[in-house]
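Structure first, then comments.
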Amino acid sequence: QNYLDNFWPDLKAAHELFDSILQARRERESESQENHGKEYPEHLPLEILEAGIKSGRYLQGTLNVNKHRAQLEAFVRLQGFGSKDTG
(Lines give C-alpha, C1' and ligand atoms only; values in the text may rest on other atoms or scores of the structure.)
Protein backbone atom coordinates (compact mmCIF):
# COMPACT_ATOMS: atom_id res chain seq x y z
CA GLN A 1 0.00 0.00 0.00
CA ASN A 2 2.80 2.41 0.92
CA TYR A 3 4.66 1.69 -2.32
CA LEU A 4 1.57 2.44 -4.40
CA ASP A 5 0.77 5.56 -2.41
CA ASN A 6 4.31 6.93 -2.65
CA PHE A 7 5.36 5.97 -6.18
CA TRP A 8 2.13 5.46 -8.12
CA PRO A 9 -0.50 7.69 -6.48
CA ASP A 10 -2.35 8.30 -9.77
CA LEU A 11 -2.44 4.69 -11.00
CA LYS A 12 -6.04 3.90 -10.14
CA ALA A 13 -6.04 0.36 -11.61
CA ALA A 14 -3.12 -0.71 -9.39
CA HIS A 15 -4.84 0.65 -6.29
CA GLU A 16 -8.07 -1.16 -7.21
CA LEU A 17 -6.16 -4.40 -7.79
CA PHE A 18 -4.40 -4.06 -4.43
CA ASP A 19 -7.73 -3.46 -2.66
CA SER A 20 -9.25 -6.49 -4.39
CA ILE A 21 -6.35 -8.74 -3.36
CA LEU A 22 -6.49 -7.46 0.20
CA GLN A 23 -10.24 -8.09 0.41
CA ALA A 24 -9.88 -11.63 -0.99
CA ARG A 25 -7.14 -12.36 1.55
CA ARG A 26 -9.29 -11.11 4.43
CA GLU A 27 -12.24 -13.24 3.27
CA ARG A 28 -10.03 -16.34 3.02
CA GLU A 29 -8.65 -15.72 6.52
CA SER A 30 -12.13 -15.30 7.98
CA GLU A 31 -13.31 -18.51 6.26
CA SER A 32 -10.27 -20.31 7.64
CA GLN A 33 -11.13 -19.11 11.15
CA GLU A 34 -14.72 -20.29 10.71
CA ASN A 35 -13.43 -23.74 9.65
CA HIS A 36 -11.12 -23.88 12.70
CA GLY A 37 -7.97 -23.49 10.61
CA LYS A 38 -8.92 -26.10 8.02
CA GLU A 39 -8.59 -24.99 4.44
CA TYR A 40 -11.42 -27.24 3.23
CA PRO A 41 -14.47 -28.45 5.16
CA GLU A 42 -14.63 -32.18 5.88
CA HIS A 43 -17.08 -34.23 3.85
CA LEU A 44 -17.72 -36.77 6.60
CA PRO A 45 -16.77 -36.66 10.27
CA LEU A 46 -13.54 -38.47 11.13
CA GLU A 47 -15.36 -41.02 13.31
CA ILE A 48 -17.56 -42.14 10.41
CA LEU A 49 -14.58 -42.46 8.09
CA GLU A 50 -12.59 -44.51 10.62
CA ALA A 51 -15.55 -46.82 11.26
CA GLY A 52 -16.11 -47.21 7.51
CA ILE A 53 -12.46 -48.13 6.94
CA LYS A 54 -12.54 -50.70 9.76
CA SER A 55 -15.77 -52.27 8.46
CA GLY A 56 -14.50 -52.39 4.87
CA ARG A 57 -17.11 -49.99 3.54
CA TYR A 58 -14.43 -47.41 2.69
CA LEU A 59 -10.90 -47.97 1.43
CA GLN A 60 -7.92 -45.86 2.48
CA GLY A 61 -5.30 -44.88 -0.04
CA THR A 62 -2.99 -42.23 -1.37
CA LEU A 63 -3.90 -40.01 -4.30
CA ASN A 64 -1.05 -39.56 -6.77
CA VAL A 65 -1.43 -36.81 -9.38
CA ASN A 66 0.82 -36.20 -12.39
CA LYS A 67 2.10 -32.67 -11.82
CA HIS A 68 2.47 -32.04 -15.55
CA ARG A 69 -0.97 -33.36 -16.55
CA ALA A 70 -2.90 -32.95 -13.32
CA GLN A 71 -6.35 -32.74 -14.91
CA LEU A 72 -5.75 -35.86 -17.02
CA GLU A 73 -3.62 -38.27 -15.00
CA ALA A 74 -4.08 -39.44 -11.43
CA PHE A 75 -4.42 -42.72 -9.56
CA VAL A 76 -5.08 -43.98 -6.06
CA ARG A 77 -2.67 -46.40 -4.41
CA LEU A 78 -4.64 -48.42 -1.88
CA GLN A 79 -2.99 -49.18 1.45
CA GLY A 80 -2.45 -52.85 2.14
CA PHE A 81 -2.46 -53.85 -1.52
CA GLY A 82 0.51 -54.61 -3.76
CA SER A 83 1.43 -52.25 -6.60
CA LYS A 84 -0.34 -54.58 -9.11
CA ASP A 85 -3.67 -54.14 -7.31
CA THR A 86 -3.88 -50.37 -7.67
CA GLY A 87 -6.36 -48.74 -10.00
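The values are calculated or read from the model by the stated rules, or taken from the named source; none is laboratory data. What you are looking at is a predicted structure, and each value in this text was computed from that prediction instead of being measured. Cβ: placed from backbone, ideal geometry, glycine included. Neighbour counts: every protein chain shown. The accessibility values were calculated without ligands, DNA or RNA, using every heavy atom of the protein model including side chains. Shrake-Rupley method; radii C 1.70, N 1.55, O 1.52, S 1.80 Å.
List of remarks:
- Positive dipole terminus of the range 1-79, leading residue within Leu4, Ser20, Leu72 (C-beta point charges): Leu72
- Gain in span if fully extended, Leu72 to Gln1, counting 0.36 nm per residue against the direct Cα distance: 21.5 nm
- Surface share of carbon and sulfur [accessible, 1.4 angstrom probe, percent] for the range 1-40: 51 percent
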